[in-house]
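Heads up: the structure comes next, in structure tokens.
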Amino acid sequence: MKRASTLRSLTVGLALVFGTELSNSQETTHSTGQVLMDCEHGNVKSLMAASYFNELAAARHLPFHAISPGTAPNSTTVPPPIVDGLRADGFDVANFQHAAITEADVVKAERVILINTELPSDISNRSGQLEKWTDLASASNAD
């Protein structure tokens, strides 16, 4: 997907940062840390970012897994252009079930990435590892 190049670049950078942090750490963990990629609806930008991040983390044997809830989910499906574009990149998201972000998601997260959105007012960022990716172009006409 041409419009996915910005998200792909950001997730490559994030995976490299996690790899560097893991390499520089004195401790080794065998558990999988959760990375929270959050966009407004949870089925476009954050889904794309989580898909790319998970692929990169697996390829680099990093103990992290990204999820992609939304601050205001507005459908039960992934828009067809996103399904098609991610399929072309090797991801099958046709049956992806997204959900609204919860306080528990944020608490469990090693890092919270907000993509053109804010945390809902009833959810606090207790992780201390919050990043905001702003001004990302539309991934399709669907978001």
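The values are calculated or read from the model by the stated rules, or taken from the named source; none is laboratory data. Being a predicted model, the structure only gives us computed values, none of them experimental. Ideal geometry is used to build each Cβ from the backbone, glycine not excepted, and the neighbour counts take in all protein chains shown.
Here are a few things to note about the model shown:
- Residue count for segment 51-98 satisfying the condition of being without any contact (Cβ under 8 Å) to a residue 24 or more places away in the chain and within 12 Å of the chain's Cα centre (by Cα): 1.
- Being assigned to a helix (DSSP H, G or I), closer than 16 Å to Val35 by Cβ, under 16 Å from the mean Cα position of the chain (by Cα) and at pLDDT 90 or above is not true of Val112.
- Restricting segment 103-121 to residues that are closer than 17 Å to Gly42 by Cβ and free of Cβ contacts under 8 Å to residues at least 24 places away in the same chain, the residue that is surrounded by the most Cβ atoms within 10 Å (Cβ to Cβ): Glu103
- Residue within segment 90-102 that is surrounded by fewer than 17 Cβ atoms within 10 Å (Cβ to Cβ) and under 19 Å from Gly33 (Cβ atoms) present: yes
- Helices (runs of 4 or more DSSP H) fully within segment 1-103 counting 2 or more residues that are under 20 Å from Ser138 (Cα atoms) and modelled with pLDDT of 90 or more: 45-59, 80-88
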